[in-house]
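Only one structure is covered here, and it is reproduced in the block below.
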Amino acid sequence: DIPGKPETILIDSSEFYYNKDYLKEKYWDYFKIDSLFANWDFEEPLLFSTAAGILIEEYLKNNSCKAIAQFHEWMTGFGGLYLKAKAKEGDPVKVKTVFTTHARMLGRSLSASGVDITSLGKNFNPDEKAKECGVIEKYTTEKACANFLDEFTTVSKITANECMKFFGKKPKLTLNGIDLTQFPTGKSIFYKQSITKQKFLDFLTQKFPGEDFSDYLFAYT
């Protein structure tokens, strides 16, 4: 329900649950995705995005058209990898694939542990570090998508530099598009803040009768 009203298909991937080990083995054989110790937070996106790849395959069997499939983040990347696996099996699907990354799992993990990613030297081994951080299955998925899909893009120069460090491949920049008309103006922000603060004060006064909150600094997210 957004401007443009794009056509949307909802996918039920639950029937693929019993194929998860077969799929994990398949993606290891073709793309070296290391999911031996992966949990459900990895398996569920694997099943969903593989189902999306199958849907694209079936759609294009019945519709003669030029097609580009774009997959955002590792959670949907298996859709593109499924289509690439079909080509390896001698049954290619006529579709161009694009992988777009917004933030890498390894980068997030390192930053959360206090590592300055910009200072990583030439001796940095991302494969080993991904194992240490416990994100090897997601990291190797990102790496496979970056290297096997037809195009690789990211949304900023900072993330592009990370991709070079982690995957050894330079992505193309496709900057995020922001509709500035959807954001409130300065006056409306000030008005909403005033109304919200007053509601907050009213609530606190009821919870703590007799307390003076006039000199308090409020920080709320």
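The values are calculated or read from the model by the stated rules, or taken from the named source; none is laboratory data. The structure presented is a predicted model; accordingly, all values stated were derived computationally and were not measured. Every residue, glycine among them, receives a Cβ derived from its backbone with ideal geometry; neighbour counts consider all protein chains shown. Areas reflect the complete protein model, heavy atoms only, side chains present, ligands, DNA and RNA absent. Shrake-Rupley method; radii C 1.70, N 1.55, O 1.52, S 1.80 Å.
Odds and ends about this structure:
- For the range 89-221, the carbon plus sulfur part of the accessible surface works out to 56%, probe radius 1.4 Å.
- Two-decimal ratio, the range 1-124, of alpha-carbon radius of gyration to 2.2 N^0.38 Å: 1.23
- The sum of -39500 (n - 2.57) across all DSSP H runs of n ≥ 4, divided by the residue count of the chain, sets its helix-only mean residue ellipticity at 222 nm to -16500 deg cm²/dmol.
- Most fluctuating residue given options 168, 177, 80, as computed from a GNM of the chain linking Cα atoms under 10 Å: 177
- Packing, as the average of other Cβ atoms within 10 Å across residues, places the peptides 156-162, 29-35, 202-208 in the order 29-35, 156-162, 202-208, highest first.
- Each part reduced to its alpha carbon centroid, the range 188-206 and the range 134-151 end up 46 Å apart.
- For the range 22-150: relative contact order, % (alpha-carbon pairs under 8 angstrom, 6 or more apart): 31 percent
- Residue 97 sits among other residues whose Cβ lies under 10 Å from its own Cβ, and their net charge, with Lys and Arg +1 and Asp and Glu -1, is 0.
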